[in-house]
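These notes concern the structure reproduced below.
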Amino acid sequence: MLLIHCPYCGETLPETEFAYAGEAHIARPENPSEQTDAEWVEYLFMRSNVKGVHFERWRHIHGCGRFFNAARHTVTDKFLTTYKAGEPRPDIEALTGIKAGVKEGEK
Amino acid sequence: MSTYRIQGRGRVNHSEPVYFTFDGKTYTGLRGDTVASALLANGVHLMGRSFKYHRPRGAVSAGSDEPNALLGTRRGKGQFEPNTRATLQEVRGNLETTSQNKLPSLKFDIGAINDASYMMFSAGFYYKTFMWPKSFWDKVYEPFIRAAAGLGVAPSEEDPDDYAARYVHIDLLVVGGGVAGIMAALTGARAGAKVVLVDETAEMGGALLSEPAVTIGGMAGWDWLAAALEELESLGVQVMTRTTAIGYYHENMVGLVQRVSDHLDHVPEGAPRERLWRVRAKQVVLAQGALEKPLVFDGNDRPGVMLASAAQTYLNRYGVKVGSRAVVVTTHDSAWYAAFDLAEAGISVAAIADIRPKIDAELVSKARALGIEVLPSHTVITTRGRLRVKSVSVAPVSNGAVGTSRVIPCDVVLMSGGWTPSLHLFSHTQGKLKWDAEAQVYLPDVKTEEVEIAGAGRGLWGYGAALEDGVVAGRTAVKALGLRATARAPGVGVDRPGTGIMVKDLPTNGDPGKARAFVDFQNDVTAKDIRLAVREGMRSIEHVKRYTTNGMATDQGKMSNMNGLMIASDALGKAPPQVGLTTFRPPYTPTTFGALANYVRGHQFEVTRKTAIDSWAEENGAVFEPVSQWRRAWYFPKDGEDMAAAVARECAATRKSVGIFDASTLGKIEVVGPDAVEFMNRTYTNPWTKLAPGRTRYGLLLGEDGYIRDDGVIGRLSQDRFHVTTTTGGAARVLNMMEDYLQTEWPDLKVWLTSTTEQWATVAVNGPNARKVLEPLVEGLDISNEAFPHMSIAECTVAGLPARLFRLSFTGELGFEINVPASKGRVLWEALMKSGAEYDICPYGTETMHVLRAEKGYIIVGQDTDGTVTPGDAGLDWALGKKKPDFIGMRGLKRPDLVASGRRQLVGLLTSDPKVKLEEGAQIVLDPNQPKPMKMVGWVTSSYYSATLGRTIAMALIEGGFDKMNDTVYIPMPDKTITAKITGTVFYDPEGEKVKL
């Protein structure tokens, strides 16, 4: 069972306290009505499906209830870092030496 | 006492006999025996029949790697376990054991006909034989396979035993109670770490328990062991025997299963049978040792053929001679030492056949001094004997050529093909292994967790090396914990380190195609099967494994994987690491469902949520139905009524006078704050700005895709406070969605969300007399139609209780919903029942609620919608705040597919025969005479008998349904085709006058 650091509680706690909430850094467009169909499809349905460092959202649902972001490696299933919602994507390579942003099928 | 027990020898208690049964016959063992050691002490080697060929089998090992000696064990009713390892289960009073997979008896088994026809049952046999005809699959082939193959039978009665579970957080977990593990635990404990040490057997000590001659720290080995355990205890180390580490999970979480009471004559009151431990350790040391490999030769599975180390364990740990005359066949020095121990204990060892041409001179001279014939460069050709080995044929090998064989009579054959480091748990962590070409073993390489491996698991051999390595591993862990280690390894005397080589199947002068040389004893896989798999195109060890089932039995290939790999690599002409290694997965040994489920069974499997009024419903004969986690009153039958009669009565009473309904399960969310109205405008489809405090509105919630997610009546209590209701099942989902948007998309909004579902008890009173029932109980509010019109909300006092009163209707009648603090729900209910008595107030359940709402065409999200229904599809376009700049789903509703024509739309259906009730989910077609498969244009979503209308009614989603009013559609059923007419969805009071009374 994974241990997850909640950036709001400041505690590292068992996975069962948390709920996964999809890919991170997909912001709802400011004015959805002005979006073209193609743009809206991109926002609604398209996800990166990364093999490697994946930025994703979690909710500390059985704790403080806050949504936050995490970088998790989808091969090792290890959390590299977690950070508060709204904060920018951290530089994972500088943080851990692991190259981020490798997509499925690429090396 | 039997002739096979040596008085006073071993760690069993010779003064405490224990009686148990095996296949109905009573046997005597000693306290401390395993079932296997006790049976062997009685001269019993035949303990089971094999999986596929029904060959007679006996114990081949003395530990958890045992593939053959699997028994059914029973204590009492329901307390039965199949496939228990006789080598691990301790004897106890009240223990019944039975052999498995035999018909009619263990000694005479007609299933053994499979053995005679073994050529037919080769690798891939199932794939090749049971291809056709298809109709034979479930009628002929499967019953045949199921009857012919298999081991234990699953228990049929409910298990009455208790199973427990615990969490523990510690500094250091040491898995394996051999000398390396004990030393690692001592190193940690002396440095002040919080340590847990576990071992799967009944006693700590590991291999040391089988080697009493070793001296450690100047003491006899067993004295050192006792002193070490005493020290561990004094340092507060939790030492857990009979505890198997079953799996190694992320972040150093290790699952342990402790067998708490299986070894006890009587289970103490309240004691669990097993306890699951979830250990979160900062550091882990794996000291699981190594597993001895069998040799692969014809007849290597006959009862009496066993691992050399097993014979040594039975002798030294249990005081049992496994036979009277032994022949040892080996590729490793360790079996020579086993032979010496046996010979010195008075067992005749006829010969040691070693495949190696060169053997340590000291071993050879010691063997000769003990009268053992030494046969270097020798292979085994075969064994003979029906239910027990009677002789073994050996032959010299010279430059790959096998010479003339000779037969040596014996009653046990002790084999050793060298040792495999036990790295199962390490593999669970995705730790990488590396092939050591010299030792020809896989060793641990790249680690993914905070773990050290110590002792034989790293390929180290001998007690000195293991103790030393235990200290090294312990020190590394201690240092990582930020502590200082002081422990040093004690010196060792009479250490017997040795070396050996790894071989594939042994060379033979017989026909290798006919050899019954077993690799996987439990799944009956032979060397021939593996070579056949390679010939038939299997290249990866993963394919060989699946084709032959090698290593796929409950022992997870502990004995067979390496032999299988050596043979497959030989057949492929590749080095073992090029062929690969199958991945070990949890659990390490078979684990009971009881241990995994532990407390989470029966009524604790899932919570049953009950409302404050549930007790009244129960006392008044309600029939209940589950709705998500809630238990809800379904209907209230009177005097032997069936459901249809009760529902018809409840509906009529409500429409005629007044009905009362427990609506407490409705989800409730309090939305509060200066920006509450803006938040509501952005989330729900409706416009909220102009909704005045004291008024309510039907709210609709979509996803960004434009599909309906939830609905409910929402009341505005003040400028900054909304009382939102959701569907019963959707409450948590809606709150999660609201929190998501509030926290991550609109964190600037000053809004607070609180779940109040369980704070309020909600009672709905509906019917033309509803006001008359309620009015006498209300204080501080005029609830006349003029002062408190339809869709109002107010705070007042009802029956002396603080209340939030809604005027709304989910029945089409005049209706009120009264919310009071949950703890007072029953008080309110009973007050209403009393007040309503003169109007024959009728309690009704969820079924009547469904019928009444369907008569009005009110939808139920999740029943009349399925996640692909838009407000337009459901006829709810009026609920969209089209002038708002945005709400969740507004853009989604403009997607091309959602504005296209031909969408399925929610309509009413009236069957041409008013008595025929459609089946919910039934498919609808326009032309019943078209060829199959017919074009289906939709399905029935809701269907009821309406007592009010005296006929059946239904709702359905039908393609282009709004433009098909009054059209006839067809619903083909298995026995007939039903015709129905498309209508609107409102069947009762279409003008909506009744709610305005």
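Each of B:Glu158 and B:Ser540 was given a label point 7 Å from its Cα along the Cα-to-Cβ line. The distance between the two points is 4.5 nm.
How many percent of the accessible area of the stretch B:901-996 is carbon or sulfur, using a 1.4 Å probe? Reported share for carbon and sulfur atoms: 50 percent. Normalised by residue number, the volume inside the convex hull of the Cα atoms of the stretch B:901-996 is 106 Å³ per residue. Only Lys, Arg, Asp and Glu carry charge here, each on its Cβ (+1 for the first two, -1 for the last two); on that basis chain A has a dipole of about 320 debye about its Cα centre.
How many partner chain Cβ atoms sit within 10 Å of a residue's Cβ in peptide B:694-700, on average, as a whole number? Don't skip to the end; give the middle numbers.
On the way: counts 0, 0, 0, 0, 0, 0, 0.
For this peptide, the per-residue mean of nearby foreign Cβ atoms is 0.
Distance between the C-alpha centers of the stretch B:824-866 and the stretch B:372-388? Whole Å please. So the separation of the two Cα centres works out to 83 Å.
Tell me what chain B gives for mean residue ellipticity at 222 nm when only DSSP H runs of n ≥ 4 count, each as -39,500 (n - 2.57), the sum divided by the residue total, rounded to 500 deg cm²/dmol. Don't jump to the answer; show the numbers that get you there.
Details: 24 runs with 209 residues, N = 997.
Mean residue ellipticity, 222 nm, calculated: -6000 deg cm²/dmol.
Expected output is a single nm value to one decimal: the length gained when fully extending between B:Arg278 and B:Ser348, i.e. 0.36 nm times separation in residues minus the C-alpha distance. What is it?
Working: separation 70, 0.36 × 70 = 25.20 nm, distance 4.78 nm.
Stretched fully, the B:Arg278-B:Ser348 segment lengthens by 20.4 nm.
Evaluating kT/(6 pi eta Rh) at 37 °C and 0.692 mPa s, with the Kirkwood radius of the stretch B:517-583 over Cα pairs in the Stokes-Einstein relation, gives 293 µm² s⁻¹. The separation of the stretch B:735-755 from the stretch A:71-93, counted between C-alpha centres, amounts to 23 Å. The angle between the Cα long axis of helix B:560-572 and the main principal axis of chain B comes to about 80°, on a 0 to 90 degree scale. Using r as the Cβ-Cβ distance of B:Lys574 and B:Glu920, and R0 as 56 Å, what FRET efficiency do you calculate, to the nearest 0.05? The calculated FRET efficiency here is 0.40. Residues in the stretch B:517-583 average 32 Å² of solvent-accessible surface per residue, probe 1.4 Å, ligands and nucleic acids excluded. When the Gaussian network model of chain A links Cα atoms closer than 10 Å, the mean-square fluctuations of A:Ala24, A:Ala38, A:Ala94 top out at A:Ala38.
Shape class for the stretch B:294-417: oblate, because the ratio a/c of the largest to smallest gyration tensor axis (alpha-carbon atoms, square roots of eigenvalues) is 1.5 or more and b/c is at least a/b. Sorted on the mean count of surrounding Cβ atoms within 10 Å across their residues, most packed first, peptides B:932-939, B:163-170, B:31-38 read B:31-38, B:163-170, B:932-939.
Using a ≥ b ≥ c from the Cα gyration tensor of the stretch B:800-855 (square roots of the eigenvalues), is it rounded, prolate or oblate, where a/c under 1.5 gives rounded and otherwise the larger of a/b and b/c decides, a/b for prolate?
Details: a/c = 1.91, a/b = 1.46, b/c = 1.31.
Prolate, because a/c is 1.5 or more and a/b exceeds b/c.
Remark: for residue pairs B:Lys25/B:Lys321; A:Lys84/B:Lys894; B:Lys824/B:Lys856, the C-alpha separation exceeds 27 Å in A:Lys84/B:Lys894; B:Lys824/B:Lys856. Take each residue in B:883-889, count the other chain C-beta atoms within 10 Å of its C-beta, and the mean is 2.
Entry comment: accessible area of the stretch B:294-417 is 31 Å² per residue, from protein heavy atoms only and a probe of 1.4 Å. In terms of its Cα atoms, chain B spans 115, 70, 56 Å along the principal axes, sorted from long to short.
Expressed to the nearest 5 percent, the antiparallel share of DSSP beta bridges inside the protein assembly as shown is 80 percent. Measuring nothing but how far apart in sequence close Cα pairs (under 8 Å, 6+ apart) lie, relative to its length, the stretch B:294-417 scores a relative contact order of 34 percent.
P(r) tail for the stretch A:27-68, what percent of Cα pairs lie past 17 Å? Please report the intermediate quantities before stating the final value.
Working: 470 of 861 pairs.
The share of Cα pairs beyond 17 Å in the stretch A:27-68 comes to 55 percent.
Relative to the longest principal axis of the Cα atoms of chain B, helix B:463-480 runs at roughly 30 degrees. Using a probe radius of 1.4 angstrom, the carbon and sulfur fraction of the accessible surface of the stretch B:294-417 is 50%. Average 1/r across all pairs of distinct alpha carbons in the protein assembly as shown, invert it, and you get the Kirkwood radius: 34.9 Å. Within chain B, antiparallel bridges make up roughly 75 percent of the DSSP beta bridges whose residues both belong there.
Using a 1.4 angstrom probe with every protein chain in place, what is the largest-first accessible-area order of A:Asp37, B:Asp511, B:Asp65?
Sorted descending by solvent-accessible area, the residues read B:Asp511, A:Asp37, B:Asp65.
When the Kirkwood hydrodynamic radius is evaluated over all pairs of different C-alpha atoms of the stretch B:198-323, what value in angstrom, to one decimal, is obtained? Evaluated over the stretch B:198-323, this radius sits at 17.5 Å.
When only Cα pairs below 8 angstrom with a gap of at least 6 residues are kept, chain B shows a relative contact order of 9 percent.
Nearest 5 is fine: what % of DSSP beta bridges in the stretch B:294-417 come out antiparallel, could you say?
Values: 12 of 30 bridges.
Taking every DSSP beta bridge within the stretch B:294-417, about 40 percent pair in antiparallel fashion.
Compute the long axis of helix B:825-836 from its Cα atoms, compare it with the longest principal axis of the Cα atoms of chain B, and write down the angle in degrees, 0 to 90, nearest 10. Tilt relative to chain B: about 40 degrees. Placing R0 at 60 angstrom, the Cβ-Cβ distance between B:Ala220 and B:Ala112 gives a FRET efficiency of 0.80 after rounding to 0.05.
Which values, in whole Å and largest first, are the semi-axes of the equivalent ellipsoid of chain A obtained as the square root of 5 times each eigenvalue of the Cα gyration tensor?
Details: eigenvalues 120, 74, 29 Å².
In descending order the semi-axes read 24, 19, 12 Å.
Within the stretch B:771-822, the GluC sites (Glu not before Pro) that combine a DSSP coil assignment with at most 15 other C-beta atoms in a 10 angstrom radius are B:Glu786.
Mind checking how much accessible area A and B bury in total, 1.4 Å probe, in Å² rounded to 100? In total, this chain pair buries about 2300 Å². For B:Lys994, the aspartates and glutamates whose Cα falls under 17 Å of its own Cα, not counting residues fewer than eight places away in the same chain, are B:Glu786, B:Glu813, B:Glu817, B:Glu855. Sparsely packed loop sites in the stretch B:891-960 (the GluC sites (Glu not before Pro) outside DSSP H, G, I, E and B with at most 16 other Cβ atoms within 10 Å) comprise B:Glu919, B:Glu920.
Shielding by partners for B:731-741, please: the mean number of other protein chain Cβ atoms within 10 Å of each residue's Cβ. It would help to have the intermediate numbers written out before the result.
Numbers: counts 0, 1, 0, 0, 1, 6, 0, 0, 5, 6, 2.
Counting Cβ atoms of other protein chains within 10 Å of each residue's Cβ and averaging gives 2.
Annotation for B:Lys884 and B:Glu230: the two label points, set 7 Å from Cα along the Cα-Cβ direction, are 7.8 nm apart. What residues of the stretch B:833-875 lie in the reach of a label at B:Lys981, counting those whose backbone N is under 20 Å from a point 7 Å from the Cα along Cα→Cβ? Answer for this model: B:855-857.
Can you figure out the FRET efficiency of B:Arg166 with B:His266, using R₀ = 25 Å and their beta-carbon distance, to the nearest 0.05?
On the way: r = 23 Å, r/R0 = 0.93.
After rounding to 0.05, the efficiency reads 0.60.
Using a Gaussian network for chain A with springs between C-alpha atoms less than 10 Å apart, which of these wobbles most: A:Tyr83, A:Tyr43, A:Tyr20? Fluctuation is largest for A:Tyr43. Take each peptide in B:561-574, A:52-65, count the other Cβ atoms within 10 Å of every residue, and average; sorted highest first, the result is B:561-574, A:52-65.
Considering only B:Gly960, B:Val407, B:Gly602, the residue lying farthest towards the positive end of the dipole of the protein assembly as shown is B:Val407, judged by Cα position with unit charges set on Cβ. Cross-link pairs exceeding 29 Å between alpha carbons, from the set B:Lys610/B:Lys690; B:Lys834/B:Lys996; B:Lys668/B:Lys884; A:Lys78/B:Lys504: B:Lys610/B:Lys690; A:Lys78/B:Lys504. For the stretch B:532-629, the fraction of C-alpha pairs farther apart than 23 angstrom is 54 percent. Within the assembled protein chains, the solvent-accessible surface assigned to B:Asp360 is about 80 Å², based on a 1.4 Å probe.
The values are calculated or read from the model by the stated rules, or taken from the named source; none is laboratory data. Note that this is a predicted model, so its numbers are computed, not measured. Reconstructed Cβ throughout: ideal geometry from the backbone, glycine too, with neighbour counts over all protein chains shown. For the accessible areas, the whole protein counts, side chains as well, though only heavy atoms, and no ligand, DNA or RNA atoms are used. Shrake-Rupley method; radii C 1.70, N 1.55, O 1.52, S 1.80 Å.
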